[in-house]
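All remarks here apply to the structure that follows.
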Amino acid sequence: MNFEYPFGGKWVLFSGVLSGISIALGLIILSRDWVAIVMYLVFVLLCILVVLPLKFFFYLKKEEEIEEEPTENLESGKNKYRLKIIIFSCLIIMVLFSPFILAVFMDPVWWVILISGVVPGVNVPEIILYVFSKVKNR
């Protein structure tokens with residue numbers, strides 16, 4: 001199986017910087033409570049373990065779609081594009097309002113863990129997949 005990372009090295013560098021900043025910020029905020037730090041690191045690890053196979057699957061799917069010739073008509077493509085825009089907009093709205101919702105229902109330590117833990121949980125798999133593609137394609 002030949003896996004090619006679909007983005008460039010600049011994207012991976014940005015993901016690494018963003019992950020590093022988020023982890024540093026989370027550890028600084030939670031520095032007084034060792035239990036919170038352990039929960040934070042476990043949450044980041046769980047996010048990585050969930051997101052990594054998903055990204056791998058979707059990147060492989062993307063490669064297959066690029067290799068195949070598009071046979072669908074133009075109207076079907078427009079409908080899929082609109083659906084993706086609607087889903088993306090809903091996700092953005094949810095992300096923007098999540099701190100307010102979490103602040104109502106949870107202790108501040110938990111929502112700091114959740115919010116600052118998702119960023120490296122989503123970005124570290126980019127680095128892993130990039131390194132995997134470089135090692136695999138040697």
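The values are calculated or read from the model by the stated rules, or taken from the named source; none is laboratory data. Keep in mind that this is a model prediction, so the values were computed, not measured. Note: ideal-geometry Cβ built from the backbone for every residue, glycine included; neighbour counts use all protein chains shown.
Listed here are the residues, each with its yes/no results for (1) within 19 Å of the chain's Cα centre (by Cα); (2) modelled with pLDDT under 85.
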| position | (1), (2) |
| --- | --- |
| PRO6 | yes, yes |
| TRP34 | no, no |
| VAL42 | yes, no |
| GLU67 | no, yes |
| LEU83 | no, yes |
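Of the residues in the stretch 122-138, how many are closer than 15 Å to GLY8 by Cβ and surrounded by fewer than 15 Cβ atoms within 10 Å (Cβ to Cβ)?
3
Looking at the stretch 25-36 only, could you name the residues that are surrounded by 12 or more Cβ atoms within 10 Å (Cβ to Cβ), part of a helix (DSSP H, G or I) and aliphatic (A, V, I, L, M)?
Within the stretch 25-36, the first condition is being surrounded by 12 or more Cβ atoms within 10 Å (Cβ to Cβ), and the residues that meet it are 25-27, 29-30, 33, 36.
Now narrow it down to the ones that are part of a helix (DSSP H, G or I): 25-27, 29, 36.
Within the stretch 25-36, LEU25, LEU27, ILE29, ALA36 meet the criteria.
Looking only at residues in the stretch 13-26 that are in contact with a Ser or Thr (Cβ under 9 Å, 6 or more places away or on another chain) and aliphatic (A, V, I, L, M), which one is farthest from VAL109 (Cα to Cα)?
ILE23
Can you say whether PHE132 is farther than 23 Å from ILE23 by Cβ and in a helix (DSSP H, G or I), as far as the supplied structure shows?
Values: farther than 23 Å from ILE23 by Cβ: no; in a helix (DSSP H, G or I): yes.
The answer is no for PHE132.
Could you list, in sequence order, all residues of the stretch 4-19 that are without any contact (Cβ under 8 Å) to a residue 60 or more places away in the chain, assigned to a helix (DSSP H, G or I) and not basic (Lys, Arg)?
At the first step, the residues of the stretch 4-19 found to be without any contact (Cβ under 8 Å) to a residue 60 or more places away in the chain are 6, 8, 10, 13-14, 17.
Retained after the next criterion (residues that are assigned to a helix (DSSP H, G or I)): 10, 13-14, 17.
Those that are without any contact (Cβ under 8 Å) to a residue 60 or more places away in the chain, assigned to a helix (DSSP H, G or I) and not basic (Lys, Arg): LEU13, PHE14, VAL17.
From the list LEU46, LEU54, exactly one residue is out of contact with any Pro (no Cβ under 9 Å at 6 or more places or on another chain), part of a helix (DSSP H, G or I) and modelled with pLDDT under 95. Which is it? Talk me through it step by step, then tell me what you get.
Details: LEU54 fails: out of contact with any Pro (no Cβ under 9 Å at 6 or more places or on another chain).
Sole residue among the options that is out of contact with any Pro (no Cβ under 9 Å at 6 or more places or on another chain), part of a helix (DSSP H, G or I) and modelled with pLDDT under 95: LEU46.
Being surrounded by 10 or more Cβ atoms within 10 Å (Cβ to Cβ), under 18 Å from the mean Cα position of the chain (by Cα), modelled with pLDDT under 80 and among the basic types (Lys, Arg): is that true of LYS78 here? Walk me through how you get there before you give the answer.
On the way: surrounded by 10 or more Cβ atoms within 10 Å (Cβ to Cβ): yes; under 18 Å from the mean Cα position of the chain (by Cα): no; modelled with pLDDT under 80: yes; among the basic types (Lys, Arg): yes.
Considered against the rule, which asks whether it is surrounded by 10 or more Cβ atoms within 10 Å (Cβ to Cβ), under 18 Å from the mean Cα position of the chain (by Cα), modelled with pLDDT under 80 and among the basic types (Lys, Arg), LYS78 comes out as no.
List the pairs whose first member sits in the stretch 48-74 and is among the aromatic types (Phe, Trp, Tyr), whose second member is at pLDDT below 90 and surrounded by 11 or more Cβ atoms within 10 Å (Cβ to Cβ), and whose Cβ atoms are under 7 Å apart, counting only residues at least 6 apart or on separate chains?
From residues that are among the aromatic types (Phe, Trp, Tyr), the pairs are TYR59/PRO6.
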